[in-house]
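Here is the structure we will look at.
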Amino acid sequence: MAAANLSTFSSSLAKPTPLPLNTPYTHLALSSKAQSKPSFPCKPYFSHPSSSDTHRTPLRASSKNPISEFFPSNKQCLDDHSIDFDDDDKPREECGVVGIFGDSEASRLCYLALHALQHRGQEGAGIVAVQNDVLQSVTGVGLVSDVFNESKLDQLPGDSAIGHVRYSTAGSSMLKNVQPFVAGYRFGSVGVAHNGNLVNYRALRAKLEDSGSIFNTSSDTEVVLHLIAISKERPFVMRIVDVCEKLEGAYSMVFLTQDKLVAVRDPYGFRPLVMGRRSNGAVVFASETCALDLIEATYEREVFPGEVVVVDKSGIQSLCLMPHPQPKQCIFEHIYFALPNSVIFGQSVYESRRRFGEILATESPVDCDVVIAVPDSGVVAALGYAAKAGVPFQQGLIRSHYVGRTFIEPSQKIRDFGVKLKLSPVRAVLEGKRVVVVDDSIVRGTTSSKIVRLIKEAGAKEVHMRIASPPIIGSCYYGVDTPSSEELISNRMSVEEIREFIGSDSLAFLPLDSLKKLLGDDSPNYCYACFSGKYPVEPRELKVKRVGDFVDDGINGSLESIDGGWVQAKPKTELEVSGA
(Lines give C-alpha, C1' and ligand atoms only; values in the text may rest on other atoms or scores of the structure.)
Protein backbone atom coordinates (compact mmCIF):
# COMPACT_ATOMS: atom_id res chain seq x y z
CA MET A 1 0.00 0.00 0.00
CA ALA A 2 2.76 2.40 0.93
CA ALA A 3 4.54 1.75 -2.32
CA ALA A 4 1.38 2.48 -4.27
CA ASN A 5 0.90 5.75 -2.41
CA LEU A 6 4.49 6.72 -3.08
CA SER A 7 4.16 6.28 -6.80
CA THR A 8 0.95 8.29 -6.86
CA PHE A 9 2.51 11.21 -5.05
CA SER A 10 5.74 11.04 -6.99
CA SER A 11 4.15 11.03 -10.39
CA SER A 12 1.89 14.01 -9.75
CA LEU A 13 4.46 16.48 -8.44
CA ALA A 14 6.03 19.22 -10.46
CA LYS A 15 9.75 19.88 -10.42
CA PRO A 16 10.40 22.74 -8.00
CA THR A 17 12.01 26.03 -8.78
CA PRO A 18 15.22 26.38 -6.76
CA LEU A 19 15.43 28.80 -3.86
CA PRO A 20 17.06 32.15 -4.53
CA LEU A 21 20.37 30.77 -3.30
CA ASN A 22 19.97 27.63 -5.43
CA THR A 23 20.49 25.47 -2.36
CA PRO A 24 19.47 21.83 -2.66
CA TYR A 25 16.49 20.34 -0.87
CA THR A 26 17.82 18.26 2.01
CA HIS A 27 16.19 15.38 3.82
CA LEU A 28 17.30 14.76 7.40
CA ALA A 29 16.40 11.39 8.88
CA LEU A 30 16.05 11.28 12.65
CA SER A 31 17.33 8.34 14.64
CA SER A 32 14.28 8.25 16.86
CA LYS A 33 11.74 5.78 18.10
CA ALA A 34 9.48 7.66 15.75
CA GLN A 35 11.07 5.89 12.80
CA SER A 36 9.82 2.50 13.86
CA LYS A 37 6.69 2.39 11.71
CA PRO A 38 7.27 4.19 8.39
CA SER A 39 4.13 3.15 6.50
CA PHE A 40 3.68 6.51 4.75
CA PRO A 41 6.17 8.69 2.89
CA CYS A 42 7.80 11.44 4.86
CA LYS A 43 10.49 12.63 2.53
CA PRO A 44 10.66 14.83 -0.54
CA TYR A 45 9.63 13.29 -3.83
CA PHE A 46 10.23 15.56 -6.78
CA SER A 47 10.00 14.25 -10.30
CA HIS A 48 8.56 15.16 -13.64
CA PRO A 49 5.05 13.87 -14.27
CA SER A 50 5.08 10.75 -16.38
CA SER A 51 3.14 10.42 -19.60
CA SER A 52 0.68 8.11 -17.87
CA ASP A 53 -0.36 10.94 -15.58
CA THR A 54 -1.57 13.35 -18.21
CA HIS A 55 -5.18 12.53 -17.34
CA ARG A 56 -4.79 13.66 -13.73
CA THR A 57 -6.19 16.97 -12.55
CA PRO A 58 -3.53 19.64 -13.12
CA LEU A 59 -2.24 20.95 -9.84
CA ARG A 60 -0.45 24.05 -11.06
CA ALA A 61 -1.71 27.40 -9.91
CA SER A 62 -3.58 29.70 -12.22
CA SER A 63 -1.72 32.71 -13.54
CA LYS A 64 -4.87 34.80 -13.96
CA ASN A 65 -4.88 36.40 -10.54
CA PRO A 66 -2.96 39.70 -10.47
CA ILE A 67 -1.90 40.74 -7.00
CA SER A 68 -1.05 44.38 -7.54
CA GLU A 69 -3.48 47.06 -6.33
CA PHE A 70 -5.53 44.51 -4.44
CA PHE A 71 -5.64 45.86 -0.92
CA PRO A 72 -9.06 47.37 -0.17
CA SER A 73 -9.36 48.72 3.33
CA ASN A 74 -13.04 48.16 4.11
CA LYS A 75 -14.46 46.05 1.32
CA GLN A 76 -16.51 43.22 2.77
CA CYS A 77 -15.57 39.67 1.78
CA LEU A 78 -18.41 37.94 -0.01
CA ASP A 79 -16.99 34.44 0.16
CA ASP A 80 -19.37 31.59 -0.48
CA HIS A 81 -18.83 30.14 2.97
CA SER A 82 -18.87 33.38 4.90
CA ILE A 83 -22.60 33.40 5.64
CA ASP A 84 -24.25 30.59 7.52
CA PHE A 85 -27.83 29.83 8.36
CA ASP A 86 -29.48 31.25 11.43
CA ASP A 87 -29.11 28.13 13.55
CA ASP A 88 -25.52 27.33 12.58
CA ASP A 89 -26.59 23.92 11.31
CA LYS A 90 -23.28 23.02 9.64
CA PRO A 91 -19.96 21.66 10.85
CA ARG A 92 -17.39 24.42 11.06
CA GLU A 93 -13.74 24.17 10.17
CA GLU A 94 -11.90 26.03 12.88
CA CYS A 95 -8.85 27.47 11.10
CA GLY A 96 -6.79 28.17 8.01
CA VAL A 97 -3.06 28.87 7.97
CA VAL A 98 -0.53 30.30 5.54
CA GLY A 99 3.23 30.85 5.60
CA ILE A 100 5.50 32.70 3.13
CA PHE A 101 9.30 32.82 3.04
CA GLY A 102 11.51 34.81 0.70
CA ASP A 103 9.25 37.52 -0.76
CA SER A 104 9.56 41.23 -0.04
CA GLU A 105 5.76 41.49 -0.16
CA ALA A 106 5.29 38.60 2.30
CA SER A 107 2.65 40.24 4.52
CA ARG A 108 0.56 41.43 1.55
CA LEU A 109 0.72 38.03 -0.08
CA CYS A 110 -0.26 36.56 3.25
CA TYR A 111 -3.24 38.91 3.35
CA LEU A 112 -4.39 37.74 -0.08
CA ALA A 113 -3.89 34.08 0.80
CA LEU A 114 -6.01 34.56 3.93
CA HIS A 115 -8.75 36.02 1.73
CA ALA A 116 -8.73 32.76 -0.24
CA LEU A 117 -8.98 30.83 3.04
CA GLN A 118 -11.72 33.01 4.53
CA HIS A 119 -14.24 30.17 4.35
CA ARG A 120 -12.17 28.29 6.95
CA GLY A 121 -12.76 30.95 9.58
CA GLN A 122 -14.56 34.29 9.75
CA GLU A 123 -14.27 35.33 13.38
CA GLY A 124 -10.66 36.48 13.55
CA ALA A 125 -7.53 36.96 11.46
CA GLY A 126 -3.88 37.75 12.04
CA ILE A 127 -0.48 38.07 10.38
CA VAL A 128 3.02 37.97 11.88
CA ALA A 129 6.01 39.19 9.83
CA VAL A 130 9.70 39.38 10.63
CA GLN A 131 12.22 42.08 9.74
CA ASN A 132 15.61 42.79 11.31
CA ASP A 133 15.11 39.84 13.68
CA VAL A 134 11.93 41.39 15.11
CA LEU A 135 8.51 39.70 14.85
CA GLN A 136 5.68 42.16 14.29
CA SER A 137 2.06 41.09 14.76
CA VAL A 138 -1.36 42.42 13.73
CA THR A 139 -4.45 40.49 14.81
CA GLY A 140 -8.10 41.38 15.05
CA VAL A 141 -11.67 40.17 15.28
CA GLY A 142 -13.71 39.86 12.10
CA LEU A 143 -13.11 39.12 8.45
CA VAL A 144 -9.69 39.56 6.84
CA SER A 145 -10.86 42.76 5.13
CA ASP A 146 -12.11 44.09 8.48
CA VAL A 147 -8.82 43.45 10.26
CA PHE A 148 -6.34 44.66 7.62
CA ASN A 149 -5.91 47.75 5.50
CA GLU A 150 -2.94 49.51 3.92
CA SER A 151 -1.75 51.10 7.14
CA LYS A 152 -1.91 47.80 9.03
CA LEU A 153 0.01 46.00 6.30
CA ASP A 154 2.61 48.78 6.34
CA GLN A 155 3.30 47.74 9.95
CA LEU A 156 4.35 44.28 8.73
CA PRO A 157 7.48 44.69 6.59
CA GLY A 158 9.83 41.83 5.88
CA ASP A 159 10.27 38.90 3.50
CA SER A 160 8.71 36.23 5.73
CA ALA A 161 5.24 36.01 7.31
CA ILE A 162 2.65 33.63 8.66
CA GLY A 163 -1.11 34.16 8.82
CA HIS A 164 -4.23 32.65 10.31
CA VAL A 165 -8.00 32.84 9.92
CA ARG A 166 -10.10 31.48 12.69
CA TYR A 167 -13.59 30.33 13.54
CA SER A 168 -14.81 30.29 17.13
CA THR A 169 -17.75 31.36 19.22
CA ALA A 170 -17.96 34.96 20.32
CA GLY A 171 -16.84 35.97 23.80
CA SER A 172 -14.91 38.58 25.70
CA SER A 173 -11.73 36.50 25.41
CA MET A 174 -12.05 36.37 21.65
CA LEU A 175 -9.31 38.85 20.73
CA LYS A 176 -6.65 37.30 22.92
CA ASN A 177 -7.29 33.95 21.24
CA VAL A 178 -6.78 35.23 17.70
CA GLN A 179 -3.67 33.75 16.12
CA PRO A 180 -0.85 33.75 15.14
CA PHE A 181 0.55 33.76 18.68
CA VAL A 182 3.97 35.29 19.29
CA ALA A 183 6.12 34.53 22.33
CA GLY A 184 9.60 35.48 23.42
CA TYR A 185 11.81 32.99 25.20
CA ARG A 186 15.47 32.91 26.18
CA PHE A 187 16.75 32.18 22.65
CA GLY A 188 14.55 34.59 20.73
CA SER A 189 10.97 34.92 19.52
CA VAL A 190 8.66 32.52 17.74
CA GLY A 191 5.25 32.87 16.12
CA VAL A 192 2.84 30.01 15.48
CA ALA A 193 -0.44 29.49 13.58
CA HIS A 194 -2.30 26.23 14.13
CA ASN A 195 -5.11 24.39 12.36
CA GLY A 196 -6.42 21.42 14.29
CA ASN A 197 -7.19 20.33 17.82
CA LEU A 198 -5.06 18.63 20.47
CA VAL A 199 -6.95 15.89 22.30
CA ASN A 200 -4.47 15.92 25.21
CA TYR A 201 -4.51 19.71 25.59
CA ARG A 202 -5.90 19.83 29.11
CA ALA A 203 -3.43 17.29 30.48
CA LEU A 204 -0.52 19.19 28.91
CA ARG A 205 -1.80 22.52 30.21
CA ALA A 206 -2.34 21.17 33.73
CA LYS A 207 1.21 19.80 33.82
CA LEU A 208 2.65 23.09 32.60
CA GLU A 209 0.64 25.08 35.13
CA ASP A 210 1.84 22.80 37.92
CA SER A 211 5.36 23.75 36.84
CA GLY A 212 4.58 27.46 37.03
CA SER A 213 3.52 28.31 33.47
CA ILE A 214 1.06 31.17 33.11
CA PHE A 215 -1.48 31.06 30.29
CA ASN A 216 -3.07 34.11 28.73
CA THR A 217 -5.54 32.36 26.40
CA SER A 218 -7.88 29.38 26.36
CA SER A 219 -6.36 28.08 23.11
CA ASP A 220 -4.60 24.74 22.89
CA THR A 221 -2.04 26.39 20.60
CA GLU A 222 -0.51 28.28 23.52
CA VAL A 223 0.55 24.93 25.00
CA VAL A 224 2.83 24.44 21.99
CA LEU A 225 4.69 27.68 22.72
CA HIS A 226 5.19 26.76 26.36
CA LEU A 227 6.55 23.35 25.40
CA ILE A 228 8.98 24.94 22.95
CA ALA A 229 10.24 27.31 25.64
CA ILE A 230 11.02 24.53 28.14
CA SER A 231 12.46 22.04 25.66
CA LYS A 232 16.13 21.22 26.12
CA GLU A 233 16.69 20.19 22.50
CA ARG A 234 18.99 22.07 20.12
CA PRO A 235 18.70 23.61 17.59
CA PHE A 236 15.26 25.24 17.38
CA VAL A 237 13.93 22.77 14.83
CA MET A 238 14.66 19.89 17.20
CA ARG A 239 12.62 21.69 19.84
CA ILE A 240 9.64 21.48 17.51
CA VAL A 241 10.25 17.77 16.93
CA ASP A 242 10.53 17.29 20.70
CA VAL A 243 7.25 19.14 21.27
CA CYS A 244 5.38 17.21 18.59
CA GLU A 245 6.30 13.95 20.30
CA LYS A 246 4.16 15.15 23.22
CA LEU A 247 1.14 16.24 21.16
CA GLU A 248 -1.84 14.01 20.41
CA GLY A 249 -4.54 14.86 17.91
CA ALA A 250 -4.63 17.04 14.82
CA TYR A 251 -2.23 19.82 13.95
CA SER A 252 -1.07 21.51 10.80
CA MET A 253 1.15 24.36 12.00
CA VAL A 254 3.46 27.02 10.63
CA PHE A 255 6.16 28.57 12.83
CA LEU A 256 8.09 31.77 12.20
CA THR A 257 11.39 32.72 13.84
CA GLN A 258 13.95 35.44 13.09
CA ASP A 259 15.43 33.41 10.24
CA LYS A 260 13.23 30.37 9.59
CA LEU A 261 9.78 29.28 8.46
CA VAL A 262 8.79 25.83 9.69
CA ALA A 263 5.73 23.81 8.60
CA VAL A 264 4.55 20.75 10.55
CA ARG A 265 1.79 18.21 10.01
CA ASP A 266 0.73 15.62 12.55
CA PRO A 267 1.59 11.94 11.90
CA TYR A 268 -2.01 11.12 10.91
CA GLY A 269 -2.32 14.08 8.56
CA PHE A 270 -5.83 14.96 9.75
CA ARG A 271 -5.80 18.54 8.49
CA PRO A 272 -4.42 19.56 5.08
CA LEU A 273 -1.24 21.54 4.45
CA VAL A 274 0.34 22.12 1.04
CA MET A 275 3.58 23.63 -0.21
CA GLY A 276 4.09 25.76 -3.30
CA ARG A 277 6.50 28.23 -4.85
CA ARG A 278 6.24 31.60 -6.54
CA SER A 279 8.20 32.43 -9.67
CA ASN A 280 10.74 34.41 -7.64
CA GLY A 281 11.54 31.32 -5.55
CA ALA A 282 9.48 32.29 -2.48
CA VAL A 283 8.19 29.23 -0.63
CA VAL A 284 4.52 29.17 0.39
CA PHE A 285 2.58 26.91 2.76
CA ALA A 286 -1.22 27.00 2.99
CA SER A 287 -4.18 24.98 4.15
CA GLU A 288 -5.57 24.77 0.60
CA THR A 289 -4.29 25.11 -2.94
CA CYS A 290 -6.84 27.87 -3.65
CA ALA A 291 -4.60 30.17 -1.56
CA LEU A 292 -1.64 29.30 -3.79
CA ASP A 293 -3.70 30.08 -6.89
CA LEU A 294 -4.57 33.58 -5.74
CA ILE A 295 -0.97 34.62 -5.07
CA GLU A 296 0.33 32.93 -8.23
CA ALA A 297 2.27 30.18 -6.50
CA THR A 298 2.73 26.80 -8.16
CA TYR A 299 1.63 23.78 -6.16
CA GLU A 300 4.51 21.39 -5.48
CA ARG A 301 3.28 18.86 -2.96
CA GLU A 302 1.61 18.23 0.36
CA VAL A 303 3.49 18.46 3.59
CA PHE A 304 3.46 14.76 4.38
CA PRO A 305 1.85 13.42 7.55
CA GLY A 306 4.49 13.43 10.26
CA GLU A 307 6.82 15.80 8.38
CA VAL A 308 8.63 18.94 9.50
CA VAL A 309 9.70 21.20 6.63
CA VAL A 310 12.27 23.89 7.48
CA VAL A 311 12.87 26.83 5.13
CA ASP A 312 15.67 29.37 5.57
CA LYS A 313 18.20 31.17 3.40
CA SER A 314 20.26 28.01 3.03
CA GLY A 315 17.39 26.06 1.46
CA ILE A 316 14.73 23.55 2.45
CA GLN A 317 15.15 20.64 4.84
CA SER A 318 12.70 17.86 5.59
CA LEU A 319 12.60 15.95 8.87
CA CYS A 320 10.41 13.02 9.82
CA LEU A 321 8.40 12.96 13.02
CA MET A 322 7.39 9.90 14.95
CA PRO A 323 5.55 7.66 14.29
CA HIS A 324 4.17 7.10 10.78
CA PRO A 325 0.85 5.30 11.21
CA GLN A 326 -1.78 4.88 8.53
CA PRO A 327 -2.79 8.43 7.52
CA LYS A 328 -6.26 9.55 8.58
CA GLN A 329 -7.06 12.59 6.46
CA CYS A 330 -10.35 14.37 7.13
CA ILE A 331 -12.93 13.23 4.57
CA PHE A 332 -15.07 16.29 5.36
CA GLU A 333 -12.53 18.46 3.56
CA HIS A 334 -13.86 16.92 0.34
CA ILE A 335 -17.49 16.91 1.46
CA TYR A 336 -17.81 20.48 2.73
CA PHE A 337 -14.86 22.43 4.13
CA ALA A 338 -12.55 23.04 1.17
CA LEU A 339 -13.41 25.21 -1.80
CA PRO A 340 -14.27 23.29 -5.00
CA ASN A 341 -11.27 24.79 -6.82
CA SER A 342 -8.84 23.33 -4.27
CA VAL A 343 -6.86 20.13 -4.52
CA ILE A 344 -6.96 18.40 -1.13
CA PHE A 345 -4.95 15.28 -0.25
CA GLY A 346 -3.95 15.02 -3.90
CA GLN A 347 -7.53 14.97 -5.25
CA SER A 348 -9.71 17.65 -6.85
CA VAL A 349 -12.48 18.69 -4.45
CA TYR A 350 -14.74 19.56 -7.39
CA GLU A 351 -14.32 16.12 -8.89
CA SER A 352 -14.99 14.42 -5.56
CA ARG A 353 -18.25 16.29 -5.00
CA ARG A 354 -19.43 15.73 -8.55
CA ARG A 355 -18.93 11.99 -8.12
CA PHE A 356 -20.73 12.03 -4.77
CA GLY A 357 -23.77 13.37 -6.63
CA GLU A 358 -23.43 10.71 -9.33
CA ILE A 359 -23.44 7.97 -6.68
CA LEU A 360 -26.63 9.39 -5.15
CA ALA A 361 -28.31 9.45 -8.56
CA THR A 362 -27.28 5.84 -9.20
CA GLU A 363 -28.03 4.35 -5.80
CA SER A 364 -30.95 6.52 -4.66
CA PRO A 365 -32.85 7.49 -7.82
CA VAL A 366 -36.29 9.06 -7.77
CA ASP A 367 -38.68 10.29 -10.47
CA CYS A 368 -38.28 14.06 -10.59
CA ASP A 369 -38.61 17.07 -12.87
CA VAL A 370 -35.76 19.24 -11.64
CA VAL A 371 -32.60 19.02 -9.51
CA ILE A 372 -31.62 21.97 -7.31
CA ALA A 373 -28.90 22.55 -4.72
CA VAL A 374 -28.72 24.13 -1.31
CA PRO A 375 -26.18 26.83 -2.18
CA ASP A 376 -23.33 26.96 -2.18
CA SER A 377 -21.81 23.77 -0.84
CA GLY A 378 -24.37 21.46 -2.46
CA VAL A 379 -24.02 22.84 -5.99
CA VAL A 380 -21.30 20.57 -7.39
CA ALA A 381 -22.90 17.38 -6.03
CA ALA A 382 -26.24 18.54 -7.49
CA LEU A 383 -24.60 19.00 -10.89
CA GLY A 384 -23.28 15.44 -10.68
CA TYR A 385 -26.70 14.11 -9.67
CA ALA A 386 -28.49 15.96 -12.47
CA ALA A 387 -26.02 14.84 -15.15
CA LYS A 388 -26.22 11.20 -14.08
CA ALA A 389 -30.01 11.23 -13.74
CA GLY A 390 -30.55 13.05 -17.04
CA VAL A 391 -32.66 15.70 -15.31
CA PRO A 392 -32.08 19.45 -15.70
CA PHE A 393 -30.24 21.30 -12.94
CA GLN A 394 -31.84 24.63 -12.05
CA GLN A 395 -31.24 27.38 -9.51
CA GLY A 396 -34.26 26.78 -7.34
CA LEU A 397 -32.78 28.56 -4.35
CA ILE A 398 -30.99 31.91 -4.65
CA ARG A 399 -28.57 32.83 -1.90
CA SER A 400 -28.07 36.42 -0.79
CA HIS A 401 -24.39 37.32 -0.44
CA TYR A 402 -25.15 40.70 1.10
CA VAL A 403 -26.48 39.59 4.47
CA GLY A 404 -24.24 40.33 7.41
CA ARG A 405 -23.68 37.98 10.29
CA THR A 406 -26.14 39.97 12.41
CA PHE A 407 -29.47 41.47 11.49
CA ILE A 408 -32.52 43.11 13.06
CA GLU A 409 -35.39 40.65 13.29
CA PRO A 410 -38.97 41.99 13.17
CA SER A 411 -40.69 42.18 16.54
CA GLN A 412 -43.56 40.14 15.13
CA LYS A 413 -41.56 37.01 14.39
CA ILE A 414 -41.68 35.74 10.81
CA ARG A 415 -41.48 31.97 10.54
CA ASP A 416 -38.11 30.74 9.24
CA PHE A 417 -36.94 34.36 9.08
CA GLY A 418 -33.21 33.51 9.22
CA VAL A 419 -33.35 31.06 6.29
CA LYS A 420 -35.63 33.31 4.24
CA LEU A 421 -33.21 36.17 4.69
CA LYS A 422 -30.43 34.17 3.06
CA LEU A 423 -32.23 31.75 0.73
CA SER A 424 -34.98 32.77 -1.67
CA PRO A 425 -36.97 30.12 -3.57
CA VAL A 426 -37.57 30.60 -7.30
CA ARG A 427 -41.26 29.83 -7.83
CA ALA A 428 -40.87 29.56 -11.62
CA VAL A 429 -38.45 26.65 -11.10
CA LEU A 430 -40.31 24.90 -8.27
CA GLU A 431 -44.05 25.35 -8.77
CA GLY A 432 -45.82 22.11 -9.66
CA LYS A 433 -42.50 20.22 -9.91
CA ARG A 434 -41.09 17.08 -8.33
CA VAL A 435 -37.87 18.50 -6.91
CA VAL A 436 -34.64 16.79 -5.84
CA VAL A 437 -32.71 18.97 -3.39
CA VAL A 438 -29.02 18.14 -2.92
CA ASP A 439 -27.15 19.27 0.20
CA ASP A 440 -23.74 18.34 1.57
CA SER A 441 -24.81 17.18 5.05
CA ILE A 442 -27.46 17.18 7.75
CA VAL A 443 -26.30 17.99 11.27
CA ARG A 444 -29.19 18.92 13.57
CA GLY A 445 -31.81 18.87 10.83
CA THR A 446 -33.36 22.20 11.74
CA THR A 447 -32.18 24.07 8.65
CA SER A 448 -33.13 21.19 6.36
CA SER A 449 -36.70 21.22 7.69
CA LYS A 450 -36.98 24.96 7.02
CA ILE A 451 -35.61 24.57 3.49
CA VAL A 452 -38.09 21.79 2.69
CA ARG A 453 -40.95 23.93 3.99
CA LEU A 454 -39.70 26.93 1.98
CA ILE A 455 -39.65 24.88 -1.24
CA LYS A 456 -43.11 23.42 -0.67
CA GLU A 457 -44.53 26.85 0.09
CA ALA A 458 -43.15 27.93 -3.31
CA GLY A 459 -45.44 25.35 -4.95
CA ALA A 460 -43.28 22.21 -5.29
CA LYS A 461 -45.38 19.07 -5.71
CA GLU A 462 -42.74 16.79 -4.12
CA VAL A 463 -39.44 17.45 -2.34
CA HIS A 464 -36.79 14.71 -2.26
CA MET A 465 -33.65 15.37 -0.19
CA ARG A 466 -30.34 13.83 -1.25
CA ILE A 467 -27.35 14.28 1.06
CA ALA A 468 -23.83 14.04 -0.38
CA SER A 469 -22.32 12.53 2.77
CA PRO A 470 -23.09 9.61 5.08
CA PRO A 471 -25.10 10.33 8.26
CA ILE A 472 -23.04 12.16 10.91
CA ILE A 473 -23.26 10.23 14.17
CA GLY A 474 -20.14 11.31 16.08
CA SER A 475 -18.42 14.51 17.20
CA CYS A 476 -15.07 15.46 15.75
CA TYR A 477 -12.09 15.90 18.07
CA TYR A 478 -9.62 16.89 15.37
CA GLY A 479 -10.24 20.56 14.65
CA VAL A 480 -13.86 20.69 13.49
CA ASP A 481 -16.64 22.30 15.48
CA THR A 482 -19.41 19.72 15.54
CA PRO A 483 -22.22 19.46 18.08
CA SER A 484 -22.18 16.81 20.79
CA SER A 485 -23.39 13.39 19.69
CA GLU A 486 -26.71 13.97 21.46
CA GLU A 487 -27.43 16.94 19.18
CA LEU A 488 -26.67 15.07 15.95
CA ILE A 489 -29.97 14.05 14.41
CA SER A 490 -28.51 10.97 12.69
CA ASN A 491 -27.29 9.72 16.05
CA ARG A 492 -30.82 9.85 17.46
CA MET A 493 -33.05 8.97 14.51
CA SER A 494 -33.27 6.54 11.64
CA VAL A 495 -33.30 7.83 8.07
CA GLU A 496 -37.08 7.47 7.96
CA GLU A 497 -37.48 9.37 11.21
CA ILE A 498 -35.25 12.15 9.90
CA ARG A 499 -37.34 12.26 6.71
CA GLU A 500 -40.47 12.77 8.79
CA PHE A 501 -38.74 15.41 10.91
CA ILE A 502 -37.62 17.54 7.96
CA GLY A 503 -40.87 16.93 6.05
CA SER A 504 -39.45 15.68 2.74
CA ASP A 505 -41.12 13.08 0.52
CA SER A 506 -37.96 10.98 0.49
CA LEU A 507 -34.46 11.16 1.95
CA ALA A 508 -31.22 9.39 1.09
CA PHE A 509 -27.62 9.76 2.27
CA LEU A 510 -24.42 8.86 0.48
CA PRO A 511 -23.65 5.29 1.66
CA LEU A 512 -20.39 5.03 3.57
CA ASP A 513 -19.42 1.84 1.71
CA SER A 514 -19.96 3.58 -1.61
CA LEU A 515 -17.84 6.52 -0.46
CA LYS A 516 -14.99 4.20 0.47
CA LYS A 517 -15.34 2.32 -2.81
CA LEU A 518 -15.08 5.60 -4.70
CA LEU A 519 -11.85 6.45 -2.87
CA GLY A 520 -10.38 3.08 -3.86
CA ASP A 521 -6.86 2.40 -2.64
CA ASP A 522 -6.82 5.75 -0.84
CA SER A 523 -9.84 4.82 1.30
CA PRO A 524 -7.82 3.61 4.34
CA ASN A 525 -6.02 6.96 4.39
CA TYR A 526 -9.15 8.88 5.45
CA CYS A 527 -10.80 9.48 8.82
CA TYR A 528 -14.49 8.51 8.98
CA ALA A 529 -14.94 8.96 12.75
CA CYS A 530 -17.90 11.34 12.36
CA PHE A 531 -19.71 8.63 10.38
CA SER A 532 -18.60 5.55 12.32
CA GLY A 533 -17.72 6.67 15.85
CA LYS A 534 -14.35 4.92 15.50
CA TYR A 535 -11.58 7.36 16.41
CA PRO A 536 -8.02 6.96 15.08
CA VAL A 537 -6.67 8.93 18.07
CA GLU A 538 -8.55 8.23 21.25
CA PRO A 539 -9.94 11.34 23.01
CA ARG A 540 -8.33 10.37 26.31
CA GLU A 541 -9.57 13.13 28.55
CA LEU A 542 -12.84 13.29 30.43
CA LYS A 543 -13.72 16.46 28.57
CA VAL A 544 -12.41 17.27 25.13
CA LYS A 545 -12.35 20.78 23.69
CA ARG A 546 -14.96 21.25 21.00
CA VAL A 547 -14.39 24.93 20.30
CA GLY A 548 -12.51 27.36 22.48
CA ASP A 549 -13.18 30.78 23.94
CA PHE A 550 -15.99 29.97 26.32
CA VAL A 551 -13.47 30.85 29.02
CA ASP A 552 -13.88 34.59 29.54
CA ASP A 553 -10.55 35.08 31.23
CA GLY A 554 -7.58 32.76 30.87
CA ILE A 555 -6.36 33.70 34.37
CA ASN A 556 -9.53 34.04 36.49
CA GLY A 557 -11.83 31.63 34.68
CA SER A 558 -12.02 27.98 35.65
CA LEU A 559 -12.12 25.51 32.79
CA GLU A 560 -14.28 23.13 34.83
CA SER A 561 -16.88 25.82 35.47
CA ILE A 562 -17.52 26.54 31.78
CA ASP A 563 -19.24 23.33 30.69
CA GLY A 564 -20.82 24.98 27.67
CA GLY A 565 -17.53 25.08 25.82
CA TRP A 566 -16.62 21.44 26.23
CA VAL A 567 -17.96 18.21 24.85
CA GLN A 568 -18.20 15.28 27.21
CA ALA A 569 -16.03 12.48 25.86
CA LYS A 570 -17.17 8.88 26.05
CA PRO A 571 -15.66 6.76 28.84
CA LYS A 572 -12.61 4.85 27.66
CA THR A 573 -14.47 1.56 27.82
CA GLU A 574 -17.04 2.84 25.31
CA LEU A 575 -14.57 4.31 22.87
CA GLU A 576 -14.01 2.46 19.67
CA VAL A 577 -10.48 3.10 18.55
CA SER A 578 -9.70 1.96 15.06
CA GLY A 579 -6.77 2.24 12.76
CA ALA A 580 -8.77 0.86 9.86
Taking segment 478-510 only, how many residues are over 26 Å from Glu462 (Cα atoms) and charged (D, E, K, R)?
3
Does segment 331-348 hold any residues that are in a loop (DSSP other than H, G, I, E, B) and surrounded by fewer than 24 Cβ atoms within 10 Å (Cβ to Cβ), and which are they?
Leu339, Pro340, Asn341, Phe345, Gly346
So, Ser449, is that one hydroxyl-bearing (Ser, Thr, Tyr), farther than 27 Å from Arg434 by Cβ and touching a residue at least 24 places away in the same chain (Cβ under 8 Å) or not?
no
Looking at segment 405-483, what helices (runs of 4 or more DSSP H) fall wholly within it and have at least 3 residues that are within 22 Å of Gln394 (Cβ to Cβ) and either in contact with a Gly (Cβ under 8 Å, 6 or more places away or on another chain) or at pLDDT 95 or above (or both)?
427-430, 446-457
Answer yes or no: is there a residue in segment 261-274 that is open to solvent by 10 Å² or more (accessible area, probe 1.4 Å) and hydroxyl-bearing (Ser, Thr, Tyr).
yes
Looking at this structure, is Gly548 assigned to a loop (DSSP other than H, G, I, E, B), surrounded by fewer than 18 Cβ atoms within 10 Å (Cβ to Cβ) and at pLDDT below 95?
no
Of Lys388, Lys328, which residue is basic (Lys, Arg) and either buried (at least 19 other Cβ atoms within 10 Å of the Cβ) or assigned by the TED database to the domain that holds Ala161 (or both)?
Lys328
Counted residues in segment 228-240 being open to solvent by less than 10 Å² (accessible area, probe 1.4 Å) and in a helix (DSSP H, G or I) come to 3
Given the criterion within 14 Å of Leu256 (Cα to Cα), open to solvent by 20 Å² or more (accessible area, probe 1.4 Å) and of a type in the set (Ser, Thr, Tyr), identify the matching residue among Ser107, Ser137, Ser151.
Ser137
Can you confirm whether Ile295 is over 23 Å from the mean Cα position of the chain (by Cα), open to solvent by less than 10 Å² (accessible area, probe 1.4 Å), in the same structural domain as Val134 (by the TED database) and not hydroxyl-bearing (Ser, Thr, Tyr)?
no
Would you check if there is a residue in segment 281-292 being in the same structural domain as Ser107 (by the TED database), in a loop (DSSP other than H, G, I, E, B) and either surrounded by fewer than 22 Cβ atoms within 10 Å (Cβ to Cβ) or among the hydrophobic types (A, V, I, L, M, F, W, C) (or both)?
yes
(1) within 20 Å of Glu358 (Cα to Cα); (2) at pLDDT below 95; (3) of a type in the set (Phe, Trp, Tyr): which one isn't true of Tyr535, the others all being true?
(1)
Scan segment 120-134 for residues that are more than 19 Å from Lys176 (Cβ to Cβ) and surrounded by 23 or more Cβ atoms within 10 Å (Cβ to Cβ) and jot them down.
Arg120, Ala129, Val130
Against the condition open to solvent by less than 10 Å² (accessible area, probe 1.4 Å) and modelled with pLDDT of 95 or more, how does Ser252 come out, does it pass?
yes
Among the residues of segment 343-359, is any at pLDDT below 90, within 30 Å of Glu300 (Cβ to Cβ) and not assigned by the TED database to the domain that holds Arg166?
no
Hey, any hits in segment 349-364 for a residue that's buried (at least 24 other Cβ atoms within 10 Å of the Cβ) and part of a loop (DSSP other than H, G, I, E, B)?
no
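The values are calculated or read from the model by the stated rules, or taken from the named source; none is laboratory data. Because the structure is a prediction, the values reported are computed rather than measured. Please note: Cβ atoms are built from the backbone with ideal geometry, for glycine as well, and neighbour counts cover all protein chains shown. For accessibility, only protein heavy atoms count, side chains too; no ligands or nucleic acids. Shrake-Rupley method; radii C 1.70, N 1.55, O 1.52, S 1.80 Å.
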